[in-house]
1. Residues of the range 412-429 being over 19 Å from A312 (Cα atoms) and either charged (D, E, K, R) or touching a Cys at 6+ places or on another chain (Cβ under 7 Å) (or both), which ones?
2. Are any of the residues in the range 109-127 under 29 Å from V35 (Cα atoms) and aliphatic (A, V, I, L, M)?
3. Run T453 past the list (1) part of a helix (DSSP H, G or I); (2) without any contact (Cβ under 8 Å) to a residue 60 or more places away in the chain and report the number of the one that doesn't hold.
4. Please give the number of the condition G123 fails out of (1) touching a Lys or Arg at 6+ places or on another chain (Cβ under 9 Å); (2) buried (at least 19 other Cβ atoms within 10 Å of the Cβ).
5. Inspect all residues belonging to the range 204-224 and state whether any of them is hydrophobic (A, V, I, L, M, F, W, C) and under 21 Å from the mean Cα position of the chain (by Cα).
6. What are the residues in the range 157-182 that are more than 17 Å from A136 (Cβ to Cβ) and without any contact (Cβ under 8 Å) to a residue 40 or more places away in the chain, if any?
7. Confirm whether A119 is under 19 Å from the mean Cα position of the chain (by Cα) and over 27 Å from A166 (Cβ atoms).
8. Can you give me the ranges of the helices (runs of 4 or more DSSP H) entirely in the range 82-173 with at least 2 residues that are modelled with pLDDT of 90 or more and either closer than 21 Å to I283 by Cβ or among the small types (G, A, S) (or both)?
Amino acid sequence: MSQLDSQPNPSAQSGADGFAARVRSAVAWRWGSQVIAQIITWTSTIMVVRLLEPTDYGLFAMTQVVLTALAFLNGQSFATSLVQTRQIDERRVGQIFGLLLLFNGLLAVTQFFFAPYAAAYFGEPMVAHMLRIQAAIFLTIPFTALPQELLARKLEFRRQGQVNLASAIIGALTALTLAWLGWGVWALVYAPIAMFFTKAIGMSVAARLWIKPIFDPRGAGDLVTFGGTLTLCQLFWIIQSQSDIVIAGRILSTYDLGLYSEALFLTLIVTGRFLPPINEVAIAAYSELHRAGTSIGPYYLRTARMVMMVTAPIYIGLSLTAEPAILTLFGEKWAGMIPLVSGLALAMPVMALHFICSPTTNAMGRPQIYLTTSIAGAIIMPSAFIWGASNGAMGLVHAWWIAAPCLLAFSLTLTLPRIGVSIWALISELIPILISVGAMALTVSLAQIYASTGTHYIDLALFAVIGALTYACTLWFVWPGLVRETWAMLRQKPQSAPAA
């Protein structure tokens, strides 16, 4: 076993207490840096949105469909296999590096030559030029994915967090500068490229591990099998997550598509931006627990409770205050987003629960469960979008209302029995949060009727304060033990691991 595999586990060195401290530190750095990075990104985004037009975002959404559709073959899943496997050495890491270089080089070439056909599909010639420039992003992936997963295996997220912050600053400055100079949609194109190149350089330096690529796959069968399964999962996930834009791109106008895509981007800010870092830490921690023979179930329940404690009030609050929020942050020209944001926000807490299921079974070396749920998502979501798209952008929102609960039910049915958790145990963990969110929704609704000032930024601040106080007070006075236990998980002195 090489030094690459020399990280502690829950049953060695500091035991459960040390493991809990390491997980808290990992979450603090990975999630905390993500929060700060998103504050930076969203500050820039709000400024850029006021400088650009909805049609710019419609064009950009079209290119993102193609970029994301090809990205499932970028080899990230093979790098993730290094987190789950019991033992790694320099040869196995070199083999993964070789796969990453091969796959991403081919993807860059493919996107470059496929660009005119994508432009013809959407009927927008500009899309071809944008896609050819964006092909450069694939060239950065090997130098990001490999060091990122090697650091994650050892639960080392501090240096990752620093790199993510630096890339967020570079991306935000690039977008704002180009938009201010009148570059239009190209500000949206070049900002992610600047972020990816910054992240590739930073991650490579942070990992301090220089490996020569090896293009001989012999001896890496387990990594290829695990990574290949996750790659298939990514394929079906892309079908699930991009099918609304693909379907709507030929039905809606560029303006309406821009409104919908930006509304979706806004409402995915938590599930799409803040949950992936939690899942990165989770799969590393769950894998270490599984290797030590410790049950994952109790840890999953704690994770589900924390995720819902944060996401549920944010999304229900956003749904209730969509009008003053959009008018304050985006301005009058984006008022068409208001009903879309209000409706999409209602589906996102359900999706949040779905997203945190896959790390549990992946950490147990059972990615076929994630594959099954991904296939289900690739059937359920597009079917709903085909039905809803005929009714315009709001029809897509209504499709989310139907598809998200169905997908969650399927995911929980497969996942919970494998980790030894009953549906009633999960519900009992979430009931206090659901009741507190209900109390928050009631008070905000009453405030909108009796306390509205008619000034959108004042109303937004007023309703946000009322909702936050109601939610926090309900949890604190009705379930104080729950609040103290959750807070202890984040900062209290290490405690014993929960019993299975």
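1. T415, R418 - these are the residues of the range 412-429 that are over 19 Å from A312 (Cα atoms) and either charged (D, E, K, R) or touching a Cys at 6+ places or on another chain (Cβ under 7 Å) (or both).
2. Residues of the range 109-127 that are under 29 Å from V35 (Cα atoms), as a first pass: none.
There is no residue in the range 109-127 that is under 29 Å from V35 (Cα atoms) and aliphatic (A, V, I, L, M).
3. So T453 meets the others, but not (1).
4. (2)
5. Here is the first cut: in the range 204-224, the ones hydrophobic (A, V, I, L, M, F, W, C) are 205-207, 209-211, 214-215, 220, 223-224.
Cutting the leftovers down to under 21 Å from the mean Cα position of the chain (by Cα) gives us none.
There is no residue in the range 204-224 that is hydrophobic (A, V, I, L, M, F, W, C) and under 21 Å from the mean Cα position of the chain (by Cα).
6. As a first pass, look at the range 157-182 and keep what is more than 17 Å from A136 (Cβ to Cβ): 157-166, 168-169, 172-173, 176-177, 179-182.
Matches in the range 157-182: A166, T177, L181, G182.
7. Details: under 19 Å from the mean Cα position of the chain (by Cα): no; over 27 Å from A166 (Cβ atoms): yes.
Here the answer is no, as A119 does not meet what is asked.
8. Details: elements: 90-122, 126-134, 142-153.
Once the helices (runs of 4 or more DSSP H) in the range 82-173 are filtered for at least 2 residues that are modelled with pLDDT of 90 or more and either closer than 21 Å to I283 by Cβ or among the small types (G, A, S) (or both), what remains is 90-122.
The values are calculated or read from the model by the stated rules, or taken from the named source; none is laboratory data. Treat the numbers as computed from the prediction; the structure is a model and nothing was measured. Cβ coordinates were reconstructed from backbone atoms using ideal geometry, including for glycine residues, and neighbour counts include every protein chain displayed.
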